[in-house]
Amino acid sequence: MNQKTGLLLLLFSICCAILGCIWPAETALPALAAQPFAWIGRGLRALSLLGGAGNLAAILLYAVLSLLPLLFAGVRYFKKKAGWEDWLLCLLSVQLFIGYYLLINPALLPLPQLPGMGEMLLGGGIYAVLMAYILIRFLRRFRDAEEKGILRYLSHLLHILAFVLIYSVFCPGLSRLLGNMQALKAGNTGTNDLGPSYAFLVLRYIVDMLPAALEIVVLHLSISLFRKMAEDRYAPETLLAARKLSLFCGQSLLITALAHAGLTLLQLIFSASLHQIDITLHFPLSDMALLLLALLLFRLLSEGKRLKEDNELFI
């Protein structure tokens, strides 16, 4: 990752930490699913209530925002780039027409007995169709791309995954930690010695989020490896990057396992001082699979380099 991407990840981490502090854990992700559609719906409603020119502007904006996916599909059709998946854009426009109309008229939203749930359902449905379209487009590009193109797309996906992992660490993870602290305090109102319990809640948060944090480093090493593979898959720098990746995957697996075991033993030792104990069994199957894949990639690159050198000597 370059310096600009690192700075962007840092800013995103700060924003997610702020969201984690102000949004309850059980609503953090669903609330995001309603945005920005809920905000746009409220804005259009406020504009329409102005009457006259404001109402006309709201109708025009409502039509334009709803037709954007359909207009994009039309451009792709006239450029002869359209595929069968572009029909999903037509469905998306229909969803937006209905969704914005309901958001502008909140009395018509589904599940009125659960505030906010109707907005989340509408936003979730829109995002589901949009993600299906993006996924199909990616699959089509992967199928038609050459090796360097696949490596480039894979690097882009790993960058996106890094943002997702950062969100999981600093938004729902931090929000859940603060919620557990509040629940601990509410359940032990007559107790003053909650310090050790708070400390172990923080340790539990660190241990639970440790795999995601280590995976971000793995993604950084993977992106560096793919960049070098695109330049020369058999260069010494490429093999060194592959070796670094495989070594760190093994180290992260060891660190994660020892952290969970250490926390469990510490809870056992200090159990008399704790008002809340949480025991979880952790067996990192996904981390083990990632380690084996990294080792396999390193072996394949090493064997490919050896065969290339043998062919050059033979020639």
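The values are calculated or read from the model by the stated rules, or taken from the named source; none is laboratory data. All values derive from a computational prediction rather than experimental measurement. We place every Cβ from the backbone using ideal geometry, glycine too, and count neighbours over all the protein chains shown. Ligands, DNA and RNA are stripped out before the accessible areas are found, and what is left, the full protein with its side chains, is counted by its heavy atoms. Shrake-Rupley method; radii C 1.70, N 1.55, O 1.52, S 1.80 Å.
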Subject >> Matching residues, the range 49-85, being touching a residue at least 24 places away in the same chain (Cβ under 8 Å) and not in a helix (DSSP H, G or I) >> reply: GLY83
**OP:** With the condition kept exactly as written, say whether any residue in the range 14-28 is in a helix (DSSP H, G or I), open to solvent by 80 Å² or more (accessible area, probe 1.4 Å) and modelled with pLDDT of 85 or more.
**Re:** no
Original post:
Any idea which residue in the range 220-244 is farthest from the chain's Cα centre (by Cα), counting only those that are within 13 Å of ALA294 (Cβ to Cβ) and among the charged types (D, E, K, R)?
Top reply: ARG243
Subject >> Failed item, numbered, when PRO284 is tested on (1) open to solvent by less than 30 Å² (accessible area, probe 1.4 Å); (2) of a type outside the set (Asp, Glu); (3) modelled with pLDDT of 80 or more >> reply: (3)
**OP:** Within the range 168-209, track down each residue that is open to solvent by 40 Å² or more (accessible area, probe 1.4 Å) and among the hydrophobic types (A, V, I, L, M, F, W, C).
**Re:** PHE170, LEU178, MET181, ALA183, ALA186, ALA199, VAL202, LEU203, ILE206
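Within 19 Å of the chain's Cα centre (by Cα) and among the hydrophobic types (A, V, I, L, M, F, W, C): which single residue out of ILE98, ILE160, ILE104, ILE150 fits that description? Outline the logic, then answer.
Details: ILE98 fails: within 19 Å of the chain's Cα centre (by Cα); ILE104 fails: within 19 Å of the chain's Cα centre (by Cα); ILE150 fails: within 19 Å of the chain's Cα centre (by Cα).
Testing whether each residue is within 19 Å of the chain's Cα centre (by Cα) and among the hydrophobic types (A, V, I, L, M, F, W, C) leaves just ILE160.
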Subject >> Filter result (touching a helix residue (DSSP H, G or I) at 6+ places or on another chain (Cβ under 8 Å), within 19 Å of ARG76 (Cα to Cα) and open to solvent by 100 Å² or more (accessible area, probe 1.4 Å)) within the range 128-162 >> reply: ARG141
Original post:
When TYR234 is evaluated against the numbered criteria (1) surrounded by fewer than 17 Cβ atoms within 10 Å (Cβ to Cβ); (2) at pLDDT 80 or above, which criterion, by number, is the only one it fails?
Top reply: (2)
**OP:** Can you confirm whether the range 73-80 contains a residue that is more than 26 Å from the chain's Cα centre (by Cα), crowded, with 19+ Cβ neighbours inside 10 Å and among the hydrophobic types (A, V, I, L, M, F, W, C)?
**Re:** yes
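Give LEU61, LEU56, LEU68 a once-over and let me know the one that is more than 31 Å from the chain's Cα centre (by Cα), open to solvent by 70 Å² or more (accessible area, probe 1.4 Å) and aliphatic (A, V, I, L, M). Break it down into steps so the answer makes sense when it comes.
On the way: LEU61 fails: more than 31 Å from the chain's Cα centre (by Cα); LEU68 fails: more than 31 Å from the chain's Cα centre (by Cα).
Exactly one of LEU61, LEU56, LEU68 is more than 31 Å from the chain's Cα centre (by Cα), open to solvent by 70 Å² or more (accessible area, probe 1.4 Å) and aliphatic (A, V, I, L, M), namely LEU56.
Yes/no per residue for (1) within 20 Å of CYS21 (Cβ to Cβ); (2) among the aliphatic types (A, V, I, L, M):
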residue: LEU161; (1), (2): no, yes
residue: VAL169; (1), (2): yes, yes
residue: THR189; (1), (2): no, no
residue: PHE200; (1), (2): no, no
residue: LEU214; (1), (2): no, yes
residue: VAL218; (1), (2): no, yes
**OP:** Scan the range 255-264 and give yes if some residue there is closer than 30 Å to CYS21 by Cβ, in contact with a Lys or Arg (Cβ under 7 Å, 6 or more places away or on another chain) and open to solvent by less than 20 Å² (accessible area, probe 1.4 Å), otherwise no.
**Re:** yes
